[in-house]
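Each remark here refers to the structure printed beneath this line.
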Amino acid sequence: SSAAILGEYGLVFAGRSEAGKTTIFRMLQKYQEAHRGQVATLCDETNIIRSEREGHWNVYGTWGHGEEPRVRDEWAPLGGIFILQQSNENSIEPLNDQQAKLAFLLSTFFRPIMTERWWNKTLGIVEKIVTEVPFYTLKFDLSGKIVDMLLKLNKPTERLVLP
């Protein structure tokens, strides 16, 4: 995943290799450089999602970068997970299918040694994430217009609401 803080919320951009995690990260970095304070990019490759208390999730940047060496050890309340799809259009659509969310998350996990105990714990965490965190399908082209769409997301509560 790549991740950034937009306003008060952390957004996670997830996908397999070549999905566009670094591309989205670079688009957000470009915006960040021009408009300080509105966007803070965290990491383009590996981020941590953790629950601090029931129903409240945070995203943390890590040192585990991919192509972009600029990382931040900051965190923010998690506003949503965006499943990346390269496209000829730009759109953000809510994803409400629990099975699709679960299948996607399980296909993107990695760990050097996966034990039965680790899988059992992970499955419980993933199940909570798919029921408690908003998911979106994010289609984007290379124009950078998707950044404007992300910035226009309305966040009146701890859940993102699309206009």
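Do we have any residue at all in region 13-36 that's among the β-branched types (Val, Ile, Thr) and under 9 Å from the mean Cα position of the chain (by Cα)?
First, pick out the residues of region 13-36 that are among the β-branched types (Val, Ile, Thr): 22-24.
After this cut, where a residue has to be under 9 Å from the mean Cα position of the chain (by Cα) as well, the list is none.
No, region 13-36 contains no residue that is among the β-branched types (Val, Ile, Thr) and under 9 Å from the mean Cα position of the chain (by Cα).
If I go through region 98-140 residue by residue, how many of them are part of a loop (DSSP other than H, G, I, E, B) and either exposed (fewer than 13 other Cβ atoms within 10 Å of the Cβ) or touching a residue at least 60 places away in the same chain (Cβ under 8 Å) (or both)?
Looking only at region 98-140, we keep the residues that are part of a loop (DSSP other than H, G, I, E, B), and these are 109-115, 133-134.
From what is left, the residues that are either exposed (fewer than 13 other Cβ atoms within 10 Å of the Cβ) or touching a residue at least 60 places away in the same chain (Cβ under 8 Å) (or both) are 109-115, 133.
Of the residues in region 98-140, 8 are part of a loop (DSSP other than H, G, I, E, B) and either exposed (fewer than 13 other Cβ atoms within 10 Å of the Cβ) or touching a residue at least 60 places away in the same chain (Cβ under 8 Å) (or both).
Show me the strands (runs of 3 or more DSSP E) found entirely inside region 1-96 where at least 2 residues are of a type in the set (Val, Ile, Thr) and either open to solvent by 20 Å² or more (accessible area, probe 1.4 Å) or more than 22 Å from Val130 (Cα to Cα) (or both).
On the way: elements: 2-6, 9-14, 39-43, 47-53, 56-61, 75-86, 91-95.
Filter on region 1-96 gives 39-43, 47-53.
The values are calculated or read from the model by the stated rules, or taken from the named source; none is laboratory data. As the structure is a computational prediction, the values presented were derived from the model and not from experiment. Every residue, glycine among them, receives a Cβ derived from its backbone with ideal geometry; neighbour counts consider all protein chains shown. These accessible areas exclude ligands, DNA and RNA; they are computed on the full protein's heavy atoms, side chains included. Shrake-Rupley method; radii C 1.70, N 1.55, O 1.52, S 1.80 Å.
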